[in-house]
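See below for the structure under consideration.
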Amino acid sequence: MSLELSSTIKLNNDVDIPVLGFGAYQLAKGDETYNAVRWALESGYRHIDTAQFYQNEKEVGTAIRESGIAREEIFVTTKLANANHGYEQTKIAFDASLKALGTDYIDLFLLHWPVEGKRLDSWKALEELVRTDECRSIGVSNFTEEHIDELMKGSKIVPAMNQVEFHPFLYQRGLFNYCQQHEIVITAYSPLTAGERLDDQTITSIAHSHNKTPAQVMIRWALQHDVVVIPKSAHKERIIENVAVFDFELSEEDMQTLDGLNEGLRFSWNPYDPEQVVRFS
Ligand SMILES: NC(=O)c1ccc[n+]([C@@H]2O[C@H](COP(=O)([O-])OP(=O)(O)OC[C@H]3O[C@@H](n4cnc5c(N)ncnc54)[C@H](OP(=O)(O)O)[C@@H]3O)[C@@H](O)[C@H]2O)c1
């Protein structure tokens, strides 16, 4: 398998998305976000994942501009906040994202959550943004098979992406197969279990056998499942560590062992059961 830091996956509208991205959730606005994004870009990431909800689009945009790297070399994803759903509201919120990021286009704009009763109207606004070239591609996040079916029935553009929680303890094989069948790429969020299961014995032992760290094994597992992966860290040494995943390969046996860790464990809200308590420790 010849995965490289520059590897991309082709979306269903022919746009290429880098397989490894940098996640910006829970990076505080101000220096924390600015520094982390600068370190990520210096370390070779060319894909940054933010959201209106994270309230750090401004610092992400400043870090991108001041990196000296051409805008078109960096893939930027942002997401519509739940409070901004609705056709007109979506367009207004999208313009606010452009302004905060200081850019005149977004590479990928996602509905962050399948907000009941409003998601179809919001999606129609996203379709419009693609037609006017303000957005290169559009997609969804936290959508189940049922949500996607409903969206596809009521609209023209098939989402290019479904960004969902995905790690060895939540190997969403059914959703992955469904998305593959409809040419929808999956992005794995919380690929490091939000930091909660990095000390797992099975993962640690596989990591030792490759002279790698548990975080690197989790990222590599997702990459070898052909999904886009967006680990987050506020620390320079970890940002560098998380990008060093292209000089080793997990064997078929390693992959099967890691697949076997699946226990449906979620660290974020469950779109199949929104009432379920979130398991953040
Ligand atoms: N669409 C959605 O609804 C949604 C939901 C959640 C996340 N996301 C996206 O996915 C991205 C990643 O998910 P996430 O932030 O939830 O969690 P994550 O990437 O799975 O894990 C981040 C946690 O792991 C720690 N960490 C990172 N690298 C490490 C390493 N090499 N060794 C040890 N610890 C390490 C980080 O600590 P430090 O920061 O202190 O280093 C942080 O506590 C987010 O930033 C966001 O962009 C999307």
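Every number in this text was worked out from the coordinates using simple rules, so none of it is lab data. Given the structure is predicted, the values throughout are model-derived calculations rather than measurements. Cβ coordinates were reconstructed from backbone atoms using ideal geometry, including for glycine residues, and neighbour counts include every protein chain displayed.
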- Note on the structure: Once the in-chain neighbours fewer than 8 apart are removed, the lysines whose Cα is under 18 Å from K153 read K118, K124
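Between E32 and E183, how high is the FRET efficiency from 1/(1 + (r/R0)^6) when r is the Cβ-Cβ distance and R₀ = 45 Å? Nearest 0.05.
The formula returns an efficiency of 0.80 here.
Specify the longest stretch of the chain that does not include any exposed loop site, a site being one of the GluC sites (Glu not before Pro) with a non-H, G, I, E, B DSSP assignment and at most 12 other Cβ atoms within 10 Å.
Free of exposed loop sites, the longest segment is 117-262.
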- For the stretch 67-216, alpha-carbon Rg and Dmax in angstrom: 17.6, 53
- Starting from the amide H of I138, placed 1.01 Å from N in the peptide plane, find each other amide H under 5 Å away whose residue is 5 or more places distant or on another chain. F109, A160
- So how do M255, M218 line up by other beta-carbon neighbours within 10 Å, fewest first? M255, M218
- Note on the structure: Debye calc, one equal point scatterer per Cα of the chain, no solvent, log10 I(q)/I(0) at q = 0.09, 0.12 1/Å comes to -0.39, -0.71
- Message: How tilted is helix 57-66 with respect to the longest principal axis of the chain? Cα atoms for both, answer in degrees (0 to 90, nearest 10).
- Response: 70 degrees
- Task: Run the quick spin-label model on D259 and E116: label points 7 Å from Cα toward the beta carbon, then report their separation in nm to one decimal.
- Result: 3.6 nm
- Task: Could you give the size of the charge dipole of the chain about its Cα centre, using +1 on the Cβ of each K and R and -1 on the Cβ of each D and E, expressed in debye and rounded to the nearest 20?
- Result: 580 debye
- Note on the structure: Projected onto the charge dipole of the chain (unit charges on the beta-carbon of Lys, Arg, Asp and Glu, signs +1, +1, -1, -1), the Cα from I148, A63, N211 with the largest positive-side position is that of A63
- Note on the structure: Answer in debye to the nearest 20: the dipole magnitude of the stretch 126-281 about its Cα centre, from +1 Lys/Arg and -1 Asp/Glu charges placed on Cβ, is 380 debye
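Please find the FRET efficiency linking E150 to K10, where r is the Cβ-Cβ separation and R0 is fixed at 22 Å, and quote it to the nearest 0.05.
In this case the efficiency is close to 0.30.
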- Query: Could you name the aspartates and glutamates in cross-link range of K236, using Cα to Cα under 16 Å and dropping any fewer than eight places away on the same chain?
  - Reply: D31, E32, E42
